[in-house]
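Peer 1: Here you go, one structure.
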Amino acid sequence: MTLTLSDITLQHSRDLSALEAERHRQLDRVEGDRQEALRALAAARPALTTFDAACADAATVRDNAIAQTMTVFDAAQVDARSGRAADLVDVQQRYLAADEASDAAKAAALQKADADYRARLDDISKTLSLDKQFAAREVAFDARRKAAAAAEAAWLAALQANRAQQQDDLRTALDKERRQVDQAANKRDAAQKAADLVYQQAVKLARTRLSNALAAVPDAAKAQAEFDARRDDVEREFHRREEQLFDAFRDALQRISCK
């Protein structure tokens, strides 16, 4: 199967996401081991308790902020759906009104054709001799037939135009709803990223304070150094694997460009 640029880009994005998720899992494991080792040191426990409380508070603030973004997003979705429903009702009403107008125009045209035909027949009977009336009536009948055909064609064209307009209006209403939901989702995502950034900064500050407090605890500095080294090893390994993914992505793009 021939891969497209979209296929390759999507797979690259998925590979990066999977790699990042694995990186976080391994870093979390290192941090878990670090916490376990430090908690074995009695003198380190007060600092760790303070650190845990700070992280918990930061997580609560983040979770509340994220919950608020979801509330706002849900409300925006409801508004978008309600607006779309109202637009669809309006589209349907306009469509029915246009069809009714087309029907009325056709009926009026047919009535006029009949009236003109009858008037012409009356005029023929009053103004022409019998030997000329037959041909004149044929001409009048043909004119009436053409007028009726024109009315029918105009009616069909109007119905088709009405249908096309309805489809355009329906697409417009659905596109409007999708844009509104997309905009709300973008705002939600931005707010959630901001909340997570604040959380990460708070945890970083708490970790710095923890490190400062543990500097005075016997054996804690040694344990910290060992786990920092483990963390650095994980970061280097995943940086190497990320570079491999980008190299493979560039090679795949090069193969496509050469075809």
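The values are calculated or read from the model by the stated rules, or taken from the named source; none is laboratory data. Everything numeric here is computed off the predicted structure, so don't read it as measured data. All Cβ positions, glycine included, derive from the backbone under ideal geometry; neighbour counts span all protein chains shown.
Peer 1: May I ask you to say which residue of 202, 191, 206 is in contact (Cβ under 8 Å) with a residue 40 or more places away in the chain, in contact with a Cys (Cβ under 7 Å, 6 or more places away or on another chain) and surrounded by 12 or more Cβ atoms within 10 Å (Cβ to Cβ)?
Peer 2: Exactly one residue qualifies, and that residue is 206.
Peer 1: When the residues of the stretch 213-226 are filtered to those that are surrounded by fewer than 15 Cβ atoms within 10 Å (Cβ to Cβ) and not basic (Lys, Arg), which remaining residue is modelled with the lowest pLDDT?
Peer 2: 218
To keep it simple, each residue is scored yes or no on (1) farther than 15 Å from residue 34 by Cα; (2) part of a helix (DSSP H, G or I); (3) small (Gly, Ala, Ser).
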position	(1), (2), (3)
209	yes, yes, no
222	no, yes, no
231	no, yes, no
235	yes, yes, no
248	yes, yes, yes
251	yes, yes, no
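Peer 1: Out of curiosity, is residue 53 surrounded by fewer than 14 Cβ atoms within 10 Å (Cβ to Cβ), part of a helix (DSSP H, G or I), in contact (Cβ under 8 Å) with a residue 40 or more places away in the chain and outside the structural domain of residue 177 (by TED's automatic domain parsing)?
Peer 2: When the stated conditions are applied, residue 53 does not pass them.
Peer 1: Sort out which residues of the stretch 11-42 are at pLDDT below 90, of a type in the set (A, V, I, L, M) and surrounded by fewer than 14 Cβ atoms within 10 Å (Cβ to Cβ), and write them in order of number.
Peer 2: 40, 42
Peer 1: Since residue 229 meets every condition but one in (1) more than 27 Å from the chain's Cα centre (by Cα); (2) surrounded by 14 or more Cβ atoms within 10 Å (Cβ to Cβ), which condition does it not meet?
Peer 2: (2)
Peer 1: Here's something else I'd like to know. For the stretch 140-184, how many residues meet the condition of being farther than 24 Å from residue 116 by Cα and surrounded by 14 or more Cβ atoms within 10 Å (Cβ to Cβ)?
Peer 2: 12
Peer 1: Please count how many residues of the stretch 124-136 are assigned to a helix (DSSP H, G or I) and touching a helix residue (DSSP H, G or I) at 6+ places or on another chain (Cβ under 6 Å).
Peer 2: Adding up the residues that qualify gives 3.
Peer 1: Let me ask something else. Between 114, 103, 175, which is assigned to a helix (DSSP H, G or I), of a type outside the set (Val, Ile, Thr) and under 30 Å from residue 191 (Cβ atoms)?
Peer 2: Result: 175 is the single residue among 114, 103, 175 that is assigned to a helix (DSSP H, G or I), of a type outside the set (Val, Ile, Thr) and under 30 Å from residue 191 (Cβ atoms).
Peer 1: Can I ask one more? Being in a helix (DSSP H, G or I), in the same structural domain as residue 83 (by TED's automatic domain parsing), out of contact with any strand residue (DSSP E or B) (no Cβ under 8 Å at 6 or more places or on another chain) and more than 27 Å from residue 104 (Cα to Cα) is the requirement here; does residue 149 meet it?
Peer 2: No.
Peer 1: Right, here's the next one. What residue, of 101, 75, is surrounded by 11 or more Cβ atoms within 10 Å (Cβ to Cβ), within 23 Å of the chain's Cα centre (by Cα), in the same structural domain as residue 189 (by TED's automatic domain parsing) and at pLDDT 95 or above?
Peer 2: Of the residues listed, the single one that is surrounded by 11 or more Cβ atoms within 10 Å (Cβ to Cβ), within 23 Å of the chain's Cα centre (by Cα), in the same structural domain as residue 189 (by TED's automatic domain parsing) and at pLDDT 95 or above is 75.
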